[in-house]
Amino acid sequence: MALAHRLQLRQGQSLVMTPQLQQAIKLLQLSNVELQEYVETEIERNPLLARAEGEGPALDNDAPEKTSERREEMRLDESDGADKASRELDAGSDDVYESDSPSERADASGPSGPSAQLDWSKAGSGKQVSEDFDLEAITAEEKSLRDHLEDQLQIAGLIEADRLIGLRLIEETDEAGFMRGDVHEIATALGVEFEDVEAVLQTCQGFEPTGVMARDLQECLTLQLKDRDRFDPAMQKLIENLEVAARRDFRRLSELCGVDQEDIVDMLSELRALTPRPGAAFAGESAPAITPDVFVRELPNGTFSVELNADTLPRVLLDRSYYAEVAGLSRTDEEKTFLSECQASANWLIKSLDQRARTILKVSSEIVRQQDGFFVSGVRALRPLNLKTVADAVEMHESTVSRVTSNKYVSTPRGVFELKYFFSASIPATQGGDSHSAEAVRHRIKDMIEQENREAVLSDDQIVERLRAFGIDIARRTVAKYRESLRIPSSVERRRIFAVGG
């Protein structure tokens, strides 16, 4: 068989990750606060970019009345560039999200992960490391009390609804470690029962440091004494009469506690060894307040409006007058190339910001539509929802929706929540009906066990039968997993507890 040269023409498709597309993907991942830092960096790097009126100094202080004529402001209007950016971003997100390595993925899309804990001082700045970069200072940085409590909440084994209650309670905790919110008001705001908030608060009061999230000094000291197994009746009386202890009226304290004055002195020494401010051991600076990216407001007709937080959206301009002036002075090819690149980069950033705002608003509106029951009835009414459902509804890829909902917060009449929290796993129905939220199923299991008595302790198999009677198709091992996540003992252990009289 003879060998011969042959010329063939082939046509194929491939995704090219341009720097502009990488930038658009990165912008989607950033929160509004992180985006502000990123835009500030771009303004410093690109001489053709400037802040909009009201966000920075005018470009020409001698002729402010001409400033608006020389600028092209970013507006939320339909444009070919924005639509093209949307198509490129959505078309490329699948390959980027699935084919790249984790490290490459992080480089292409910026900060990643659904964690609600944000480090506003470092995340998303996009700045180069300076010569005086202090690695030791960063590695030695103390964790805030809020971060410490949220870390413990994540591993506390609470169901989603109770975890949201816990987050609200942590938000109401001050730097000293005291929970200053009113439990009844929090229950009303979240649409849950007072007893549910009280139960979650008791769980959170078991977090480290001991005594944290107490509502007053008396409760704080009580928690610490119970942890040391020193909360006997005499100590309880002492705690209930701290004002007498402050007066150092040993005789009165001796009468109230039923012990002699020498014991009172020892008991007061124990109190002085406790910590009246359990949160003082953590970073002195308070955790930064979460800035919502989206607002949800209830309208008089019972529906809900969704709008972006315009106060935190950066508004950038392209100084065309300055571009024309510098272009006329450019002589070498290198200067012309640099100026052309700056103009293209500025135009793309403006269009990317426009498209980012549109995408966040579109995804947020769909989430609100899907979870309208939450806004009406509270956290217990969360429906099963996943990324694919929202992605199909807004005609985007799942990875795009994932980036949009990461590190984004929505302010609602019931509080501030991360967009990720509105996604909930589903449990199928037995007769092909609507599936059930995993959180709702956990609540059913919890309610069943709470209502049982010593004569009728439910086994996991019996719970399965009862759930299937409600149309919930669930396996026994799933029931056991949910029960363990709720920290509920097995039926055998519960029978022992009843037998002891617990």
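The values are calculated or read from the model by the stated rules, or taken from the named source; none is laboratory data. Because the structure is a prediction, the values reported are computed rather than measured. Cβ sites come from the backbone with ideal geometry, for glycine too, and all protein chains shown count toward neighbours.
Worth a mention:
- Flag if residue 362 is outside the structural domain of residue 24 (by TED's automatic domain parsing), surrounded by fewer than 21 Cβ atoms within 10 Å (Cβ to Cβ) and modelled with pLDDT of 90 or more: no
- Of the residues making up region 478-496, those that are over 30 Å from the mean Cα position of the chain (by Cα) and exposed (fewer than 15 other Cβ atoms within 10 Å of the Cβ) are 489, 490, 492, 493, 495, 496.
- Assessment of region 225-243 against the conditions (touching a residue at least 40 places away in the same chain (Cβ under 8 Å) and of a type in the set (S, T, N, Q)) yields no matching residue.
- Elements of type helices (runs of 4 or more DSSP H) in region 438-493, at least 2 residues being more than 18 Å from residue 159 (Cα to Cα): 460-469
- Residue count for region 359-384, restricted to those that are under 22 Å from residue 308 (Cα atoms) and either touching a strand residue (DSSP E or B) at 6+ places or on another chain (Cβ under 8 Å) or among the acidic types (Asp, Glu) (or both): 11
- Test: residue in region 407-427 that is within 15 Å of residue 360 (Cβ to Cβ), among the aliphatic types (A, V, I, L, M), touching a Pro at 6+ places or on another chain (Cβ under 8 Å) and buried (at least 16 other Cβ atoms within 10 Å of the Cβ): yes
- Residue within region 458-471 that is among the β-branched types (Val, Ile, Thr), more than 27 Å from residue 379 (Cβ to Cβ) and surrounded by 15 or more Cβ atoms within 10 Å (Cβ to Cβ) present: no
- Answer from 260, 293, 266, 319 - the residue that is out of contact with any helix residue (DSSP H, G or I) (no Cβ under 8 Å at 6 or more places or on another chain) and either acidic (Asp, Glu) or on the phi > 0 side of the Ramachandran plot (or both): 266
- Filter result (among the polar types (S, T, N, Q) and within 20 Å of the chain's Cα centre (by Cα)) within region 161-194: 173
- Residue 195 within 27 Å of residue 182 (Cα to Cα), of a type outside the set (S, T, N, Q) and free of Cβ contacts under 8 Å to residues at least 24 places away in the same chain: yes
- Some residue of region 323-337 being of a type in the set (A, V, I, L, M) and under 18 Å from residue 51 (Cβ atoms): no
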